[in-house]
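Each remark here refers to the structure printed beneath this line.
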Amino acid sequence: MRQLLPTLEEDVDPVARYAADDRPTPIDRPWVLVNMITSVDGATAVAERSGGLGGPADREVFRALRELCDGILVGAATVRTENYRPVRMDEAARARRRGRAQQEVPRLVIVSGSADLDVEAPLFVEGVSASTTASASAIRPIVVTTERADARRREALAEVAEVLVMGADSVSMSDTLGALRAMGLRTVLCEGGPIVNAQLLAADLVDEWCQTISPLLVGGDSSRAARSSGPPGDGPPQAMRLRRLLEQDGMLLADYVRAQ
């Protein structure tokens, strides 16, 4: 993998490069980083899954970003479509995280306004191999839901996850991130889907956006990387600064941060 910007470099190690970046934690919430992949023509999926767009370079950066974060935020639809499982790290990654005073694996945070999640899904029933330095509660998934969610669903989920109620009819992303910060999470990686991304954008909560452009043309009606059924926000578009551009086998991996 090579770096094209800000300087031309060969044989870049994405794990070391992304981990070395400055991500100052806001006072009242974690730093929020979004990671998405699209085709050249903007599709976010092939046959409804993002895996068809990926490749070795994308997977390397995917692992690097997961390794540096304290929590992984993802919508319930993405969890179901992509068949999420417990987050796992090899021993080298765990050691690097211990060296940064982080838990050995990041917490998985699932957003579901209806709490419509299968408690017998692999995500909840497959054990996470963690050393004795991490308690069971520190690696259980977190489910963020609403007051309108069926009480029986919430009770069932509480047996396999930590349940946070963050809103009456819809999940408040601001309140959710505030709660995660209070739990000690300083950096949160959002892996989608497009609706969750749009909710974060609408609340002006995105500090960094990593965009992989796969060298494919897909066509069809695939969603854009951030999609909302409502009107655009009232404020101006958020200006971003290109911090880095990597390339491998025609795949471009861009890292944007808020413009000052």
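Just so it is clear, none of the values below were taken in a lab; they were calculated from the coordinates. Computed from a prediction, not measured in an experiment: that's the story for all the values here. Note that each Cβ is placed from the backbone with ideal geometry, even for glycine, and that neighbours are counted across all protein chains shown.
Say R0 is 30 Å: what FRET efficiency, to the nearest 0.05, do T25 and A239 get from their beta-carbon distance? It comes to 0.90.
Only Cα sites of the chain enter the Debye sum here, all with the same form factor; the resulting log10 I(q)/I(0) across q = 0.07, 0.10 1/Å is -0.23, -0.49, listed in q order.
With the simple model of a label 7 Å out from the Cα in the direction of the Cβ, R85 to D169 spans 4.0 nm. Taking GluC sites (Glu not before Pro) as exposed when their DSSP state is a loop state and no more than 15 other Cβ atoms lie within 10 Å, the longest site-free interval of the chain runs over 160-260. Label-to-label distance for E9 and R49 is 3.4 nm, based on points extended 7 Å past Cα in the beta-carbon direction. Placing +1 on the Cβ of every Lys and Arg and -1 on the Cβ of every Asp and Glu, with nothing else charged, gives the range 188-260 a dipole about its Cα centre of roughly 120 debye.
Stretching the chain fully between D41 and A101 yields a gain of 17.5 nm (0.36 nm per residue, less the alpha carbon separation). Between the range 236-252 and the range 65-123, the C-alpha centres lie 24 angstrom from each other. Please check: in the Gaussian network model of the chain (C-alpha springs, under 10 Å), which one of D116, D150, D11 has the largest mean-square fluctuation. For the chain, modelled as a Gaussian network with Cα springs under 10 Å, the answer is D11.
Return the distance in nm (one decimal) between the two label points of a simple spin-label model at D116 and E162, each offset 7 Å from Cα along Cα→Cβ. A separation of 2.7 nm, rounded to one decimal place. The helix-based estimate of mean residue ellipticity at 222 nm for the chain, built from -39,500 (n - 2.57) per DSSP H run of four or more residues and divided by its residue count, is -7000 deg cm²/dmol to the nearest 500.
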